[in-house]
Amino acid sequence: MNIAFLGYGNVGAPLADHLQRAGHNVTLAAHDPHSASVLKAQARNPNLKPLDPQTAVAQSEIVFLATPFNANADAIASVAQQLPGKIIVDCTNPVGPGLTHGLNNTQSGSQALQSLAPQSHIVKAFTIYGYENFENSAYPNYNVKPVMMLCGNNAAAKQAVSQLTADLGWEPLDVGGLEQALHLEHMTLLWIRMVRIHGASPNIVWAALRR
């Protein structure tokens, strides 16, 4: 699958790396192919190819958005003409002062993103944990895979993202439409508070157990 990354820092870089190693064609949308962030991503995987953002997105089937939330509008605006019909995987979280919800709980970041790219299919995924679990999703001492919850309004888009999720070693769990993104963002805040504030191990994930 052809995948473009808008943002390849702590979250985007390991996802891009692992997806390329899983056999996907991954490009980094880069205004400057020699930027520090591109070089850092390529240091972990030299097969990650930088392309100008318009070309990277135009050639992709799926776009991963892994920028800081406040950079989403500019990132989307820079490739707006290439986005109609694309699947956008929203890996971002609106975080406000004191680790509150950055949009005051009135709207999810994914719904705000949908308004910026109304002809794209937004799927919220890869958010409910910190970057440590995107570096390594393996929990070999258990007989279940860690779960990756995702949501969106388009069934085919969610199926495509579910397959990528499985490729990365997660159990994909579709939790519903894009209105559920607000709750996934609160799960992210829960994880962040547990780990970054209260000192829990970052090596903690959720699992879906079925009777």
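The values are calculated or read from the model by the stated rules, or taken from the named source; none is laboratory data. Since the structure is predicted, the reported quantities are computational estimates derived from the model, not experimental observations. Cβ sites come from the backbone with ideal geometry, for glycine too, and all protein chains shown count toward neighbours.
Looking at (1) touching a Pro at 6+ places or on another chain (Cβ under 7 Å); (2) modelled with pLDDT under 95, find the lone condition where V79 falls short.
So the condition that V79 fails would be (2).
Collect the residues in the stretch 6-37 that are under 16 Å from L168 (Cα atoms), among the hydrophobic types (A, V, I, L, M, F, W, C) and buried (at least 21 other Cβ atoms within 10 Å of the Cβ), keeping them in residue-number order.
Hits for the stretch 6-37 are V11, A13, L15, A16, L19, V26.
Can you tell me which residue within the stretch 100-131, out of those that are of a type outside the set (A, V, I, L, M) and within 22 Å of A200 (Cβ to Cβ), is surrounded by the fewest Cβ atoms within 10 Å (Cβ to Cβ)?
My answer is T100.
Of the conditions (1) assigned to a loop (DSSP other than H, G, I, E, B); (2) among the small types (G, A, S); (3) farther than 26 Å from A181 by Cβ, A43 clears all except one; give me its number.
Among (1) assigned to a loop (DSSP other than H, G, I, E, B); (2) among the small types (G, A, S); (3) farther than 26 Å from A181 by Cβ, A43 violates only (1).
Scan the stretch 55-73 and report the pairs whose first residue is without any contact (Cβ under 8 Å) to a residue 40 or more places away in the chain and whose second residue is surrounded by 14 or more Cβ atoms within 10 Å (Cβ to Cβ) and not small (G, A, S), with Cβ atoms within less than 6 Å and a gap of 6+ or a chain change.
The qualifying pairs are A58/Q82.
Mind checking which residues of the stretch 38-54 are under 17 Å from H18 (Cα atoms) and either buried (at least 16 other Cβ atoms within 10 Å of the Cβ) or among the basic types (K, R) (or both)?
The answer is V38, K40, A41, Q42, R44, N45, L48, K49, P50.
Got a sec? Which of I87, I3, I76 is in contact (Cβ under 8 Å) with a residue 40 or more places away in the chain and either among the hydroxyl-bearing types (S, T, Y) or more than 23 Å from T188 (Cα to Cα) (or both)?
Result: I3 is the single residue among I87, I3, I76 that is in contact (Cβ under 8 Å) with a residue 40 or more places away in the chain and either among the hydroxyl-bearing types (S, T, Y) or more than 23 Å from T188 (Cα to Cα) (or both).
Does the stretch 133-179 hold any residues that are closer than 24 Å to N2 by Cβ and aromatic (F, W, Y), and which are they?
F134, W170
Could you check, for the stretch 169-187, whether at least one of its residues is outside any helix (DSSP H, G or I), of a type in the set (S, T, N, Q) and surrounded by 17 or more Cβ atoms within 10 Å (Cβ to Cβ)?
no
So which of K158, K145 is touching a residue at least 12 places away in the same chain (Cβ under 8 Å) and part of a helix (DSSP H, G or I)?
Criteria check complete, one pass: K158.
Here's the yes/no breakdown for (1) within 28 Å of R44 (Cα to Cα); (2) in contact with a Lys or Arg (Cβ under 7 Å, 6 or more places away or on another chain):
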| site | (1), (2) |
| --- | --- |
| V123 | yes, yes |
| E132 | yes, no |
| S162 | yes, no |
| A166 | yes, no |
| E179 | no, no |
| V195 | yes, no |
| I204 | yes, no |
| A208 | no, no |
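Do any residues in the stretch 100-112 that are on the phi > 0 side of the Ramachandran plot have Cβ atoms under 9 Å from those of residues that are surrounded by fewer than 18 Cβ atoms within 10 Å (Cβ to Cβ), where the two are at least six apart or on different chains, and which pairs are they?
Filtered contacts from the stretch 100-112: N104/G96; N105/H186.
May I ask you to verify whether V205 is touching a residue at least 40 places away in the same chain (Cβ under 8 Å), surrounded by 15 or more Cβ atoms within 10 Å (Cβ to Cβ), outside any loop (DSSP other than H, G, I, E, B) and in contact with a Pro (Cβ under 9 Å, 6 or more places away or on another chain)?
no
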